[in-house]
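The values are calculated or read from the model by the stated rules, or taken from the named source; none is laboratory data. Just so you know, these numbers come straight off a predicted model, no measurement behind them. Calculation scope for accessible area: heavy atoms of the full protein, side chains included, ligands and nucleic acids excluded. Shrake-Rupley method; radii C 1.70, N 1.55, O 1.52, S 1.80 Å.
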Amino acid sequence: MLYLIGLGLSYKSDITVRGLEAIKKCSRVYLEHYTSILMAASQEELEAYYGKEIILADRELVETGSKQILYNADKEDVAFLVVGDPFGATTHTDLVLRAKREAIPVEIIHNASVMNAVGACGLQLYNFGQTVSMVFFTDNWRPDSWYDKIWENRKIGLHTLVLLDIKVKEQSIENMARGRLIYEPPRYMSIAQCCQQLLEIEEKRGTKAYTADTPAVAISRLGSSSQSFKSGTISELANYDSGEPLHSLVILGRQCHELELEYLLEFADDKEKYGKDVANDQEYFKPAAWVPPVEDKSDE
């Protein structure tokens, strides 16, 4: 059996009882280690808690070394651990499909992820649209395909969850080109950097999927004892010190229920101003004011 087991968001004890029971009977235990981290537990703490050695599965192993993960899984139990939920922010359907092609039984054990725990900020989950990911910009790579998804969400009044990039065991382009197995120090995107990139792309695209004054809420260390929320405009949050990772951001839709607003006001420095920001944003983004994004053909 191949078990895909969600670990939850923060603590070693966030795992479900069923998940822990499954781990204890597995001969090999892999921990997916490139899309997220368990904030309050080290590998050594997890190994002591599970009573099992853990094999860290980086991007290369998961994407190109699945044979190693699936080896003998038709004869013995193997666990693949995922921070959050196995099919939450990042899906691992490819690994499941490979297992099924090899007639290996698969069992999924779910857990909490950012996709449902984001409701702790006070916004109602059924008012969320498409989730987008914000990656670190480089000098030569500044992708903006996520912009249209935010535009589509806001057009119909929905909030947008923005997942912030992390870099764990990543190589620089130079080291990759030279074939050197030298890895960069871990990096975790801050709320401020995310908002600065949002503003940069809005200035470039200019179709006002959002503005500098669009209300948003910063979410830090969700699910941990130090979790925090901060309400402000995108321009205000572009100067916000969000502290230790992990972080995510929610861009409000143009429809915000009064109960959602009441909850968000808890996290605003200037409650009266933030309430006006939401009201002005709702008024500005009326359906009749929307026009389709203009496709950039300047390079053609």
Extension gain (nm, one decimal) between T207 and R18, 0.36 nm per residue minus Cα-Cα: 63.2 nm
Can you give me the angle between helix 191-205 and the longest principal axis of the chain, using Cα atoms only, in degrees from 0 to 90, rounded to the nearest 10? 60 degrees
Quick one: check the C-alpha center-to-center distance for segment 150-164 versus segment 16-69, whole angstrom. 33 Å
Find how much the distance from T138 to S235 grows on full extension, using 0.36 nm per residue of separation minus their present alpha carbon separation; answer in nm with one decimal. 32.8 nm
Hey, what's the chain come to in accessible area per residue, 1.4 Å probe, Å²? 51 Å²
Nearest 10, in degrees from 0 to 90: the angle of helix 271-284 to the longest Cα principal axis of the chain is 80 degrees
In deg cm²/dmol, rounded to the nearest 500, the helical mean residue ellipticity at 222 nm of the chain, built from -39500 (n - 2.57) for every DSSP H run of length 4 or more, is -8500 deg cm²/dmol
For a 28 Å ceiling on Cα separation, which of these pairs sit above it: K12/K167; K167/K276; K155/K271; K167/K273; K100/K155; K155/K273? K167/K276; K167/K273; K100/K155
Please give the length that would be gained between Q130 and K271 if that part of the chain were fully extended, namely 0.36 nm times their separation in residues minus their C-alpha to C-alpha distance (nm, one decimal). 48.0 nm
Selected from Q130, Q68, Q227 as most flexible by GNM, with the chain as the system and alpha-carbon contacts under 10 Å: Q68
Computed over segment 28-108: relative contact order in percent, which uses C-alpha pairs under 8 Å that are six or more apart: 37 percent
Carbon plus sulfur, as percent of the 1.4 Å-probe accessible area of the chain, comes to 50 percent
Can you tell me the relative contact order of the chain? Whole percent, Cα pairs under 8 Å, sequence separation 6 or more. 17 percent
